[in-house]
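Okay, so here's the structure we're looking at.
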Amino acid sequence: MTDKLIIKNIQLLPEQLKKEALDFILFLQKRVSDKKNIPVAKRKFGSHKGKYILSKDFDAPLEDFKEYM
């Protein structure tokens with residue numbers, strides 16, 4: 001059903017917009033194929049442990065927002 005609806009609406013467009021629609025379709029196809037080729041590395045839990053240090057007052061209220069609290 002979706003394919004027929006897409007084709008029906010594309011046929012109603014002027015020629016220049018049909019070309020733009022085709023460009024967009026080709027862009028989407030390339031984006032999908034590019035995502036398939038990207039190897040996804042397995043993430044290891046805790047791999048960044050110790051690389052980031054938060055200050056002791058990290059979650060303390062900010063002076064700028066005192067009037068809202």
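The values are calculated or read from the model by the stated rules, or taken from the named source; none is laboratory data. Small disclaimer: the values here were computed from a predicted structure and weren't measured. Note that we place each Cβ from the backbone using ideal geometry, even for glycine, and neighbour counts take in every protein chain shown. Side chains included, ligands, DNA and RNA excluded: accessible areas come from the protein's heavy atoms. Shrake-Rupley method; radii C 1.70, N 1.55, O 1.52, S 1.80 Å.
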TODO: Return the single residue from LYS19, LYS51, LYS36 with maximal mean-square fluctuation; model: Gaussian network over the chain, springs between Cα atoms under 10 Å.
DONE: LYS51
Task: Folded to 0 to 90 degrees: helix 15-37 orientation relative to the chain principal axis, Cα - done: 50 degrees
- [ ] Quote the charge dipole size of the chain about the Cα centre in Debye, to the nearest 20; the model charges only the Cβ of Lys and Arg (+1) and of Asp and Glu (-1).
- [x] 720 debye
Open item on the list: Suppose all protein chains stay in the model; what accessible area per residue would a 1.4 Å probe give for the chain, in Å²?
Closed with: 112 Å²
Task: Where only alpha carbons of the chain are counted, the Rg and the Dmax (Å) - done: 25.3, 63
Task: Under 28 Å, Cα to Cα: Lys pairs in the chain, sequence gap 8 or more or different chains - done: 20
Open item on the list: I'd like to know which of PRO39, GLN11, TYR52 lies farthest towards the positive end of the charge dipole of the chain, counting +1 on Cβ of Lys and Arg and -1 on Cβ of Asp and Glu.
Closed with: PRO39
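Return the carbon/sulfur percentage of the accessible area of the chain, one whole number, probe 1.4 Å, all protein chains in place.
Carbon and sulfur atoms account for 61 percent of the accessible area of the chain.
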